[in-house]
Amino acid sequence: MEKNNQVTLEKIVEILRKNLLWIVIAGVLLGCISGVCGQLFIADEYTSEMLIILDTKDASGTDVSNLGYHTDRTVTYLSSPSAVKRAVVEAGVRVESADADEAEQIEAAVALMMEAISIRGDQETGSIVISVTSTSALVSYKVIRAYEELLPEIISEEGLMPIDILDMPAQAPSGPSNGGRAVKYGVFGMFAGLLIAVIVFIVRSFFDVIIRHEDDLKEAVDLPVLGQIPYYAVEVDGAKAAR
């Protein structure tokens, strides 16, 4: 004789109702652990951004056609390894290593900056955002400043459209751009904990075929329960025995 493990919405709701306390505890516990780990083990990141816009008019004051093409071309070059390397060298950024010479330290810094630099362009307006994220506020600021210094030279050498700088940070960022990690990871962990607990209890219930309670028996035989045999302990010659 086995329990009826047919999946129904009513049964799922009943499972969740019976185990609600444990589900909540699992969510809160995993949320707290995730929040603490996010705060302690994920490094602060600092972001510096510069906003530039392409000069959309030529010498006669006529709007330039193919603005989207020129925007994409500028973004592509500024994101290229050669442009990133020029910015790294200009900023004096290095990855210090006792076993590497200066060229190798520069190449290592370029590899890191290729991941740290994000350049996004808007084809309709010709605006471009250059963003540098680093665990060092000074490094992110120095690389942005390097781009500012190199832009006129790059535009001239590569035949890119002239640009105007609309926004440039005056100093290194004072606070991390990934602040509030404890709350963010805590909330994520809480929802993950709730979801995992719900899945575990539902799967466990439907795969559990042992009859343990009166409700399980009713589901298995669909007959009324006439009585129950109680379980109790009695003293037998000074020792306890179960009946």
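One residue alone among 94, 86, 73 is over 24 Å from the mean Cα position of the chain (by Cα) and part of a loop (DSSP other than H, G, I, E, B), and that residue is 94.
Test of understanding: among 157, 235, which residue is loosely packed, with under 15 Cβ neighbours inside 10 Å, of a type outside the set (Val, Ile, Thr) and at pLDDT 90 or above? Steps first, please.
Working: 235 fails: at pLDDT 90 or above.
Only one candidate passes the filter, namely 157.
Within region 9-54, being in a loop (DSSP other than H, G, I, E, B) and closer than 30 Å to residue 125 by Cβ holds for one residue alone: 45.
Screening 205, 140 for residues that are in the same structural domain as residue 31 (by TED's automatic domain parsing), assigned to a helix (DSSP H, G or I) and not β-branched (Val, Ile, Thr) leaves exactly one candidate, 205. Among the residues of region 122-155, those that are within 30 Å of the chain's Cα centre (by Cα) and among the aliphatic types (A, V, I, L, M) comprise 128, 129, 130, 132, 137, 138, 139, 143, 144, 146.
The values are calculated or read from the model by the stated rules, or taken from the named source; none is laboratory data. Not measured: the values here are computed from a predicted model. In this analysis, Cβ positions are derived from the backbone assuming ideal geometry, glycine residues included, and neighbour counts consider all displayed protein chains.
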